[in-house]
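Let me begin by presenting the structure, written as structure tokens, before commenting on it.
The values are calculated or read from the model by the stated rules, or taken from the named source; none is laboratory data. All values reported here derive from a predicted model rather than from experimental measurement. Don't worry about glycine lacking a Cβ; one is built from the backbone with ideal geometry, like all the others, and counts go over all protein chains shown.
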Amino acid sequence: MHYQRERSPSESLFWPVVWAVGLHVIMFAMLFVSFAFAPDLPPAKPVVQATLYKLQSQSQATTQTNQKIAGEKPKTTAPVYETEQLEQKKAEQEKVAAKAAEQKKAQEAQKAEAAKKAEAEKKLSEQKAAEQKKLADVAKKKAADEAAKKKAAEDAKKKAAEEAKKKADAEAAKKKAADDAKKKATEAAQRKAVEDKKAAALAELLSEDVGRQQAIADTVGNEVAGSLDDLIVMLVSQQWRRPPSARNGMSVEVLIEMLPDGTITNASVTRSSGDSPFDSSAVQAVRNVGRIAEMQQLDRATFDRLYRQRRAVFKPEDLGL
């Protein structure tokens with residue numbers, strides 16, 4: 001901040017006086033030039049006199065002013081000049097400062113505008129990115145939901161198919177078990193009926209006393225032998241395990257050796273079927289019978305004659321399929 005001293009009345013009149021003097025000098029110079037180069041004209045006295053009078057009156061006022069200024073000029077010229085230089089410099093500095101401030105303000109305004117624009121663009125870009133992300137998330141979620149729904153439907157369909165298959169298998173197994181049970185029951189009933197029939201015939205045959213048996217041995221020997229042979233076949237069939245090579249039409253003759261109490265001591269092939277596994281299975285089935293207790297009801301002579309050594313022919317269809 002610069003301190004300015006208060007101007008005196010003489011200093012405040014300096015510039016107006018200078019302008020007035022300068023203006024009069026210019027006017028005198030113009031008049032001089034106009035008189036020097038002006039052509040000779042007819043006299044026009046009234047106008048010239050008025051002009052001269054006016055000029056003379058102006059000259060007197062101007063002369064007084066100039067004299068007054070001339071008297072004060074030596075006192076005020078130096079301080080006034082210095083002050084003017086300072087004020088001019090100050091004005092220039094202020095002007096430069098104002099211009100710089102304006103430029104700075106304009107730059108700041110431009111920067112603020114650019115920053116505002118950049119912020120708006122950034123905000124818009126972020127908003128677009130957020131919208132795109134939101135759309136992508138929605139699409140991703142929708143795809144995941146569709147995939148989950150599709151998988152759930154496929155799982156449900158697969159589960160239903162498995163349940164249906166399981167149910168069908170259970171029904172089939174149940175039906176097969178029922179059919180097998182029914183078949184076994186039928187076979188057991190048939191086998192029991194045959195066995196009961198044979199047992200009844202054998203019991204009736206064996207219930208006769210030994211004397212009567214001996215008396216009728218010659219006449220009914222074949223029938224007794226036939227009944228015991230059927231019993232042997234039945235017992236052997238229960239122990240027989242069919243080999244894979246056994247076929248209907250085969251036959252093997254086996255010699256069975258027993259003791260009077262019905263114990264089987266040996267079994268051997270006397271006529272092969274041509275299939276070794278089938279022959280072996282028949283021999284093993286005879287041996288597995290072990291003992292035929294019904295032989296004890298025969299008298300010794302009949303046993304020795306008929307069953308001490310008894311040949312039996314076995315066929316797959318006789319032993320059971």
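Of all positions in the stretch 110-124, none carries a residue that is more than 30 Å from residue 13 (Cα to Cα), assigned to a helix (DSSP H, G or I) and over 59 Å from the mean Cα position of the chain (by Cα). The requirement of being touching a residue at least 12 places away in the same chain (Cβ under 8 Å) and part of a helix (DSSP H, G or I) is fulfilled nowhere in the stretch 307-315; no residue meets it. So which of 196, 155 ends up being surrounded by 10 or more Cβ atoms within 10 Å (Cβ to Cβ) and either at pLDDT 80 or above or in contact with a strand residue (DSSP E or B) (Cβ under 8 Å, 6 or more places away or on another chain) (or both)? Of the residues listed, the single one that is surrounded by 10 or more Cβ atoms within 10 Å (Cβ to Cβ) and either at pLDDT 80 or above or in contact with a strand residue (DSSP E or B) (Cβ under 8 Å, 6 or more places away or on another chain) (or both) is 155.
Across the stretch 228-257, the qualifying residues are those that are part of a strand (DSSP E or B) and either at pLDDT below 90 or among the β-branched types (Val, Ile, Thr) (or both), and the one among them that is nearest to residue 307 (Cα to Cα) is 256.
Please tell me if residue 173 is closer than 30 Å to residue 15 by Cβ, assigned to a helix (DSSP H, G or I), out of contact with any His (no Cβ under 6 Å at 6 or more places or on another chain) and of a type outside the set (Asp, Glu). Judged against the criteria, residue 173 is not a match. No other residue among 303, 278 is in contact (Cβ under 8 Å) with a residue 12 or more places away in the chain, in a helix (DSSP H, G or I), of a type in the set (A, V, I, L, M, F, W, C) and more than 16 Å from residue 260 (Cα to Cα) apart from 278.
Within the stretch 250-265, the set of residues being surrounded by fewer than 16 Cβ atoms within 10 Å (Cβ to Cβ) and in contact with a helix residue (DSSP H, G or I) (Cβ under 8 Å, 6 or more places away or on another chain) comprises 260, 261.
Considering the stretch 282-293, and only residues there that are part of a helix (DSSP H, G or I) and touching a Ser or Thr at 6+ places or on another chain (Cβ under 9 Å), the residue that is surrounded by the most Cβ atoms within 10 Å (Cβ to Cβ) turns out to be 282.
Answer yes if at least one residue in the stretch 258-271 is touching a residue at least 12 places away in the same chain (Cβ under 8 Å), more than 20 Å from residue 317 (Cβ to Cβ), assigned to a loop (DSSP other than H, G, I, E, B) and in contact with a strand residue (DSSP E or B) (Cβ under 6 Å, 6 or more places away or on another chain), and no otherwise. Yes; the residues of the stretch 258-271 include at least one that is touching a residue at least 12 places away in the same chain (Cβ under 8 Å), more than 20 Å from residue 317 (Cβ to Cβ), assigned to a loop (DSSP other than H, G, I, E, B) and in contact with a strand residue (DSSP E or B) (Cβ under 6 Å, 6 or more places away or on another chain).
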